[in-house]
1. Hey, could you check the range 40-51 for residues that are part of a helix (DSSP H, G or I) and over 19 Å from A309 (Cβ atoms) and say which is nearest to the chain's Cα centre (by Cα)?
2. What pairs can you find where one residue is in the range 394-408 and in contact (Cβ under 8 Å) with a residue 60 or more places away in the chain and of a type in the set (F, W, Y), the other is assigned to a helix (DSSP H, G or I) and open to solvent by less than 30 Å² (accessible area, probe 1.4 Å), and their Cβ atoms are less than 8 Å apart, with a gap of 6+ or different chains?
3. Only one of S64, S81, S125, S73 is under 18 Å from the mean Cα position of the chain (by Cα) and open to solvent by 20 Å² or more (accessible area, probe 1.4 Å); which?
4. Given the residues H167, H173, which is the only one that is touching a Gly at 6+ places or on another chain (Cβ under 6 Å) and open to solvent by 50 Å² or more (accessible area, probe 1.4 Å)?
5. Suppose we filter G532, G441 for residues that are on the phi > 0 side of the Ramachandran plot and either open to solvent by 50 Å² or more (accessible area, probe 1.4 Å) or touching a residue at least 40 places away in the same chain (Cβ under 8 Å) (or both); which single one remains?
6. Find the residue count for the range 148-160, including only residues that are open to solvent by 30 Å² or more (accessible area, probe 1.4 Å) and farther than 14 Å from S80 by Cβ.
7. Given the criteria in a helix (DSSP H, G or I), among the aliphatic types (A, V, I, L, M) and modelled with pLDDT under 90, does M86 qualify?
8. Residue pairs, Cβ under 7 Å, 6 or more apart or interchain, first in the range 362-375 and of a type in the set (G, A, S), second open to solvent by less than 80 Å² (accessible area, probe 1.4 Å) and in a helix (DSSP H, G or I). List them.
Amino acid sequence: MGRFFNMRLKWPAGLRKDMLAGFSLASMNIAQVMGYARIAGMPAISGLYTVLLPLVAFAIFGSSRHLVVAADSATAAIFSSGLAGMAPAGSAPYMALVSVVALLNACFLLVARLCRLGFLADFLSRTVLVGFLAGVGVQVSISMVFDMLGLVSNSRNGALQLFELGHLWPHAHGLTLVLSVAACVVLLAGQKLLPHWPVALLVAATGIALGWGYALPAHGVAVLGPVQGGLPSLRVPLVGWDTLLALLPVSASCVFVIIAQSAATSRAYAYRFGESVDENKDILGLSAANAAAGLSGTFTVNGSPTQTAMAVQSGATSQRAQLVFAAITLCVLLFLTGPLQYLPRCILASVVFCVAVGMVDVAGLMRIRRESPGECTLALVTAATVVSIGVEQGIFIAIALSLFRHVRHSYKPHTLVLRPDAATGAMEAEPVRAGMQTEPGLVIYRFCADLFYANCTLFAEDITLLVNSAPQPVHCLVVDCSAITDIDYSAAAVVRDVLARLQARQVHVFFGRVAPYALADMERHRIALVLGRQNIYAQLHVAIAAARAAYAQRPPTA
C-alpha cells in the first residue's frame, strides 16, 4: 500500500505520458478482453470486469512497473476446459464455478506468497513456455475459427475441433466468413504497419456500425446481443464441498501458469529497462487481483504478455497507465455498453484469432532450433500436447519436460580427466575415455555435477575404467570436487564402496576443491572416515601436491 501512495506522489513526472499510454492501451484491449470472455465461456461484459478491480488491485500490491494483469487466453483456456463437463458455458452455475476458481487461485497465490514460492516460476523453462504458449495459441485459433465461419463446435479439444472443421466447413456462412477475413486482414496489417494505432478498436467500432446499420442478424450474422452495463456486484459465490474439491486441480493448473507466465513477462521487461522486480510481491499482487476478480463475478486474471507488450509500446512507464485503463473501462461500463450489442461475434472472434496467432512465436522456435534442436523438440512436444490432449495436461507436461531436461543433464554429467598441455604444460580438461592418465601413476578426475542416486554409477564406472585401462599402474587418484555440492545417501554408499576397492588395490585417493557443504556431507555419510580426513583438501593444487608426494614415497616394488 505504501508503494501505491509513493507512486501517487510521483505522478507529475510522467503523468501525461502514462495517461496517453493508458488511453491507447484501453483502445486496443477493450475488444480483446471481451474476446477472452468468449474463450472463458463467459458473457462479454465479464471481460471488461477483468480490467477494472483486478487491474487496480495489482497496481496497489504488485511490484512490476509494466506487467498488465487482466484476462488472459492461456488461463481462460485452462479453466474453461476444466469446467466444460461441470456446467453449460455461460450459465449461472458455470459463472459461479468460474468465480470460485478465481478465489481459489487467490488463496493458492497468497499461500505461495507467504511461503515465498516465487522460485516456482523457474521450474518452467523458457523453451517449454514458448512451446506451451504456441500450443495455446493454436488451440485458441482453432476454437475461434468456428465463430469466424458461423459454425458451432461440440468439442473443447483442439484435435477434435480440427476434425469437426473438416466436416463442417462446407456449411460456413458466407457473409460471416467475408467479415472475418476482412477483419483479420485489417488486424494483421495494422499489427505490422501501425503497431501503435488502436486497430482492434477501429475494427470493433466498424463491426458495431455494420451490425447496427445493416441489421446483420437479419442476414444470418450472429451478434453479441444485449450487454448488461453498470458496475459489477460484489458477492461470494457458494458451491458444495464436493464441487470445491473438484475445482482444486483446475485452480492448481491455473496457478502454475499464472506464476510462470507473469514472472517471465515481468522479468523480461525489468531486464529491458534495467529495473528490479520482486516475484514474491508480484504473487501478492496477483492474489489480490484474482480475489477482486472472484468477488466481482468475473474470471481468473493473469500477467498478460500481449497486453504488457501493448502497454510498453504505448509508452507506459508505470502502473499509472493501467489505472487510466481501468478508469476508461469504468466509463465504458457506465455509459457505452449499449452499442456493444451490435458487435458481430465473428469480428470479436477475429480479434482473438489474431492475438492467438501472435502467441505462436515461430521466430523464437527457430532460434531455439538453431541453438538447441533437443530443446526445440521439447517445445514442440509441449505444443502438440496442449492441442491434442488439453491445456491443463500441457501445463504438467511442460513442467515435467523442464524437470526432465534438468535431471537428464545431472544424470549424464560431463566427466573429465585433467592432463598437461603439450605446448604450455598447463592442465587441460578432456572427456573421460579408456587409457587416459594425467601423468605416470596419477589420474586427476573431475565429476561435473552433484552426486546422487541416478548418476553415482557413472562415477564408479569412470574411476574403474581409468584405473583398469591406464597405460601405467595408477598409484594415486585425485578427485576434483569443485562441482560436487551435495551427496545423497545412495551416492555416498557407492563412493565408500569405490574407496574401499581402491584401497584394496593400494591406490591412494585424494579429494581436492572440497567446499564446506560438500565436506559436511562427506562427514555425515562417513566418506571422510573411509578416505581419511587428512586426504581431503579445500584447494586442488594442494591435493595434487599431496598425491605427487605420496607417489614419490611409494615402496620401490610398487
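The values are calculated or read from the model by the stated rules, or taken from the named source; none is laboratory data. As the structure is a prediction and not an experimental result, all values here were calculated from the model. Note: ideal-geometry Cβ built from the backbone for every residue, glycine included; neighbour counts use all protein chains shown. Side chains included, ligands, DNA and RNA excluded: accessible areas come from the protein's heavy atoms. Shrake-Rupley method; radii C 1.70, N 1.55, O 1.52, S 1.80 Å.
1. Looking at residues that are part of a helix (DSSP H, G or I) and over 19 Å from A309 (Cβ atoms), I get A40.
2. F396/S253
3. Just a single option satisfies the conditions, and that option is S125.
4. H173
5. Details: G532 fails: either open to solvent by 50 Å² or more (accessible area, probe 1.4 Å) or touching a residue at least 40 places away in the same chain (Cβ under 8 Å) (or both).
Checking each option against the conditions leaves just G441.
6. Qualifying residue count, the range 148-160: 5.
7. Working: in a helix (DSSP H, G or I): no; among the aliphatic types (A, V, I, L, M): yes; modelled with pLDDT under 90: yes.
So M86 fails the test.
8. Note: pairs meeting the criteria are G364/V130.
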